[in-house]
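A short worksheet on the structure shown next.
Every number in this text was worked out from the coordinates using simple rules, so none of it is lab data. Nothing here was measured: the structure is a model prediction, and the numbers come from that model. All Cβ positions, even for glycine, are placed from backbone atoms using ideal geometry, and neighbour counts span all protein chains on display.
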Amino acid sequence: MSHSSMWDSISGIIRRDLLLAMRRWSDAAMSVFFLVIVVSLFPLGVGPEPAVLRTIAPGVLWVAALLTCLLSLSRVFTPDYLDGVLEQMVLVPQPLSLLVLGKVLAHWVISGLPVVLLSPLLGLQFGLEGEALGVLVLSLLLGTPTLSMIGAIGAALVLGVRGSGLLVALLVLPLYVPVLIFGAGAVTSSMAGIGGEANLSLLGACLVLSLFLAPWATAAALRIALE
Amino acid sequence: MLQAVGLSCRRGERRLFSDLNVKVERGKLLAVVGENGSGKTSLLRIFSSLLPPEDGSVRWEGQDIHQLKELYSGHLMYLGHLNGIKDDLTAVENLMSSMALAGEPCSERGAKEALEAIGLKRLVHRLPSKVLSQGQKRRVALARLWLSTRPLWLLDEPFTSLDTASTAVVTQRLHAHLQREGLVVVVTHQEIALPAERLQQLRLAG
């Protein structure tokens, strides 16, 4: 098969997913509201002490980003599985892992990118400023695609299973731990004045690793789900 | 030529069929018939490579489809009992995106012509698919038959919820495909109004 038809398939899948997200924009909007509300609960619970808020900010923002990604995982493959599009996807004369990469990219644009764009505002709310704010955005920019990648494996594994919402959380959250540690660590160390470069590099490494391994693992899981 | 050699299939504890041999030449339609639960859909999914057989192999032009992998998918159009269309997209968008996904992109005009060929009027093209009836949704899925250039068509109950007029139109389309040396495998409960020399029947015992 030629490169052009490979590109047709992948861009076709990305375009369709983005179009569907625009038609159902309320789903994406709900994720964003969820993020804002979760993040706003902490100052209410912990109290308005600026020093405390600044200390917990990296962890809170990162955990909230993680949960937002988790909530949207059920929308990656389940609708396609139920309406038969997934069968068509598996039978496309292109490597399934490349199509999966397209789907995950679309998922990131819909659910990860808004988190990245909103994060400076949420960071300000916690009294982050200057370099720390920049590192927060950068860490989320590197980290959220990894979350989508890892999440896709979980979403594919639980296809067609009863109570899959909770199961996918149990499967995926432990795998998110390194991303959480490096992501929140980058912001914390930048606030401490030692720079976040080391943690950001590790986040980048996680992203590269997941780009290589996750589409392949997800494709294998999807094939099993369809048998 | 599509050939099944010594196929057997088991779903859970039940053996659906074993040592099944069948050969379909170009220009022929294989109608797979049998009771509910006799393994018709499983056989079609084995033919499509979605389901690996427990034993035996499927050969396309003499080569095992599990060795051909994506090359085989390039010869194949599969329509399962699910329509594979999105409720939030219009008929035209659905058709265009499933053709693009299959690697055979079509123009908006081509999509509209295909939809008209299967009897969906222009008025319906712009509606989101969730307001269409079951039969209309099935027709949106079947409109791919007018656009696909693949030689092998695998169709699972294509005539479900179609009215008599649409059934005749689809049958004509199958006939045209057979005349161009195409090859069709259909799972169905209905009689297919095609010349006898084009038809081949496989009855699964169940």
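What is segment A:166-227 by shape, rounded, prolate or oblate, if you read a ≥ b ≥ c off the alpha carbon gyration tensor as root eigenvalues and call it rounded for a/c under 1.5, prolate for a/b larger than b/c, and oblate otherwise? Oblate shape, in that a/c is at least 1.5 and b/c is the bigger or equal ratio.
Run the quick spin-label model on B:Lys130 and A:Leu167: label points 7 Å from Cα toward the beta carbon, then report their separation in nm to one decimal. It works out to 2.7 nm between the two label points. Here the 3J(HN,Hα) profile of segment A:84-92, calculated from phi with Karplus coefficients 6.51, -1.76 and 1.60 at θ = phi - 60°, is x, 5, 4, 4, 5, 5, 5, 8, 6 Hz, Gly and Pro shown as x. Listed by chain and number, the aspartates and glutamates placed with their C-alpha closer than 20 angstrom to that of B:Lys23 are B:Glu54, B:Asp55, B:Glu61, B:Asp64, B:Asp156, B:Glu181, B:Glu197; residues fewer than eight positions away on the same chain are left out.
Using the Cβ of B:Gly6 as centre and a radius below 15 Å, the other residues enclosed give a net charge of 0, where K and R count +1 and D and E count -1.
Between A:Glu197 and A:Leu82, what FRET efficiency comes out of the Förster formula 1/(1 + (r/R0)^6) with R0 = 56 Å and r the beta carbon distance, rounded to 0.05? Calculated transfer efficiency: 0.80.
In this structure, A:Leu124 and B:Asp87 have a Cβ-Cβ separation that, at R0 = 35 Å, corresponds to a calculated FRET efficiency of about 0.30. Pairs B:Lys86/B:Lys112; B:Lys86/B:Lys121; B:Lys28/B:Lys130; B:Lys28/B:Lys86: which exceed 24 Å Cα-Cα? Cα-Cα > 24 Å for B:Lys28/B:Lys130; B:Lys28/B:Lys86; rest within. Shape class for segment B:32-95, computed from the alpha carbon gyration tensor (a ≥ b ≥ c): oblate, with a/c not under 1.5 and a/b at or below b/c. Taking label positions 7 Å along the Cα-Cβ direction at both A:Leu98 and B:Arg10, the computed distance is 3.7 nm, reported to one decimal.
With the charge dipole of segment A:1-95 set up from +1 on Lys and Arg Cβ and -1 on Asp and Glu Cβ about the Cα centre, the Cα lying farthest toward the positive end among the listed residues A:Val52, A:Ala64, A:His3 is that of A:Val52.
Placing a label point 7 Å from the Cα of A:Trp25 along the Cα-to-Cβ direction, the residues of segment B:71-92 whose backbone N falls under 20 Å from that point are B:87-90. Remark: C-alpha extents of the protein assembly as shown on the principal axes read 85, 49, 38 Å, sorted largest to smallest.
Summing Lys and Arg as +1 and Asp and Glu as -1 over all other residues whose Cβ lies under 13 Å from the Cβ of A:Ala57 gives a net charge of -1. Other residues whose C-beta falls under 14 angstrom from the C-beta of B:Lys137 contribute a net charge of -1, scoring Lys and Arg +1 and Asp and Glu -1.
In the distance distribution for segment A:1-104, Cα-Cα pairs more than 22 Å apart total 49 percent. Short-range pairs are left out: with C-alpha atoms under 8 Å and at least six residues apart, the relative contact order of segment A:3-226 is 26 percent. Here the 3J(HN,Hα) profile of segment B:124-135, calculated from phi with Karplus coefficients 6.51, -1.76 and 1.60 at θ = phi - 60°, is 7, 4, 9, 8, x, 5, 5, 8, 7, 7, 4, x Hz, Gly and Pro shown as x.
Size descriptor for chain B, Kirkwood hydrodynamic radius: 17.5 Å (Cα pairs only, one decimal).
Efficiency by 1/(1 + (r/R0)^6): what FRET value for A:Ile181 and B:Ala205, r their Cβ-Cβ distance, R0 = 41 Å, to the nearest 0.05?
The value I calculate is 0.10.
Computed over chain A, the quotient of the alpha carbon radius of gyration and 2.2 N^0.38 Å is 1.05.
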